[in-house]
Amino acid sequence: MTSNSPFRLGRRTVLAATTAVAAASLGCVLTRPLLAAQPGAGFDPALLDRAIKRAAGLDQIHALVIGRNGAVVSAEAFRGPAANRAVNVKSVSKTIAASLAGIAIDRGVLRGVDVPLAEAAPGLVPAGVDPRVRRITIADLLTMQAGLEPTSGPGYGRWINSRNWVVDALRRPFVTEPGARMLYSTGSYHLLGAALSSASGRSLLSLARDWLGEPLGIDVPSWTRDPQGFYLGGNNMALSPLDLFRFGELWRQGGQWNGQQVISAAWVEASWVPRTRSPFSGDDYGYGWFLATAKGHRIAYARGYGGQMLYLVPSLGLTVVVTSDPGRPARSDGHVGLLNALLTDAIIPAAEMA
């Protein structure tokens, strides 16, 4: 995002000092199931209507779902598929994969975030790689700080056309040391997904359906697999906007759904602690979530190519889902910037004035 972005966090933020603050500020407000749609509930009606009309005028937006305190108050499909139809959520898949990693740790499938990939899934690391590969931890993959040359952006096509996506990602040259800084890379999340599959003996699809789909009552369709059969860990998952809303509500409610602790509260708190910073937007990043502030509120958000967005504003009980044309770019100073402004300048004020 550009320097005047409403989401930009001050660069003076000290990670060690913000741990407790982030956990408290992004703390969860309610533990309740998704309620039936209640148009306008919990919002200033005129301001909410203005926000929805503003969204409708953004030609890249397909659907918008707005909810407060567990109730859907507006679910609009301006163009494209209906709000109950599964769509490609692009890199929001990373946030879902990070959630599965947390559940794996909760269940003892993974020993923790500080475990090296080579220990969690020794069969994934090929012979002859740079010795630093063995220092890459699960935390480095979650925060995209593996240090390896990224597979996203210009390197994406070459990577997915390789014969072995895991090996190709691990044999790329090091740009920096493991854990040093964020290098946005879908390859890191694909390695994470492959590690989850190897450690559990199950496919990422099976884990997603069992650990998230079943408790949330949502459908998780099959998606892209690599030549070795590993489901792509950081891209191309599909959920309907309404199902993505449920996933967001799970997080807003501290990992609980219908009284069941699906994700531990400890993992929710750990995921919302700033651990690195995006080189593109300047926003902080935890475990699978971008972290920002706007209008005095802490925001956690997931972002996918084209403008697939999931925003959580726990202090207001807000969960907002946006799906957009997946074939058009959405830069921080372009469509995503307009979506951020829609949230901060229109939706948040509608909630504040209720």
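The values are calculated or read from the model by the stated rules, or taken from the named source; none is laboratory data. Being a predicted model, the structure only gives us computed values, none of them experimental. Every residue, glycine as well, gets a Cβ built from its backbone with ideal geometry; the counts of neighbours run over all protein chains shown. The accessibility values were calculated without ligands, DNA or RNA, using every heavy atom of the protein model including side chains. Shrake-Rupley method; radii C 1.70, N 1.55, O 1.52, S 1.80 Å.
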Close pairs from segment 265-293: first closer than 12 Å to Thr95 by Cα, partner part of a helix (DSSP H, G or I) and open to solvent by 10 Å² or more (accessible area, probe 1.4 Å), Cβ under 7 Å, at least 6 apart: Trp272/Ala23; Tyr287/Ala270
Residues located in segment 186-228, provided they are assigned to a loop (DSSP other than H, G, I, E, B) and open to solvent by less than 30 Å² (accessible area, probe 1.4 Å): Ile218, Val220, Trp223, Asp226
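In segment 153-178, which residues are small (Gly, Ala, Ser) and open to solvent by 40 Å² or more (accessible area, probe 1.4 Å)?
So in segment 153-178, the residues small (Gly, Ala, Ser) come out as 153, 155, 157, 162, 169.
The one that is small (Gly, Ala, Ser) and open to solvent by 40 Å² or more (accessible area, probe 1.4 Å): Gly153.
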Enumeration of residues in segment 49-108 that are of a type in the set (Val, Ile, Thr) and within 30 Å of His190 (Cβ to Cβ): Ile61, Val65, Val87, Val89, Val92, Thr95, Ile96, Ile103, Ile105
Qualifying positions in segment 47-58 - among the charged types (D, E, K, R) and either touching a residue at least 24 places away in the same chain (Cβ under 8 Å) or touching a Cys at 6+ places or on another chain (Cβ under 9 Å) (or both): Arg50, Arg54
Flag if Leu239 is under 26 Å from Ser281 (Cβ atoms), of a type outside the set (Phe, Trp, Tyr) and either without any contact (Cβ under 8 Å) to a residue 24 or more places away in the chain or touching an Asp or Glu at 6+ places or on another chain (Cβ under 7 Å) (or both): no
Given (1) over 17 Å from the mean Cα position of the chain (by Cα); (2) without any contact (Cβ under 8 Å) to a residue 24 or more places away in the chain, index of the condition Gly213 fails: (1)
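Report, by residue number, each residue of segment 148-191 that is among the small types (Gly, Ala, Ser) and touching a helix residue (DSSP H, G or I) at 6+ places or on another chain (Cβ under 7 Å).
Those that are among the small types (Gly, Ala, Ser) and touching a helix residue (DSSP H, G or I) at 6+ places or on another chain (Cβ under 7 Å): Ser152, Ser162, Ala169, Gly179, Gly187, Ser188.
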Hits in segment 104-139 (condition: within 18 Å of the chain's Cα centre (by Cα) and open to solvent by less than 20 Å² (accessible area, probe 1.4 Å)): Ala104, Ile138, Ala139
Hits in segment 62-86 - residues which are more than 15 Å from Gly248 (Cβ to Cβ), in a strand (DSSP E or B) and either acidic (Asp, Glu) or out of contact with any Asp or Glu (no Cβ under 8 Å at 6 or more places or on another chain) (or both): Glu76, Ala77
Where a residue in segment 187-203 is basic (Lys, Arg) and its partner, wherever it lies, is assigned to a helix (DSSP H, G or I) and surrounded by fewer than 24 Cβ atoms within 10 Å (Cβ to Cβ), with Cβ under 9 Å and at least six apart: Arg202/Asp210
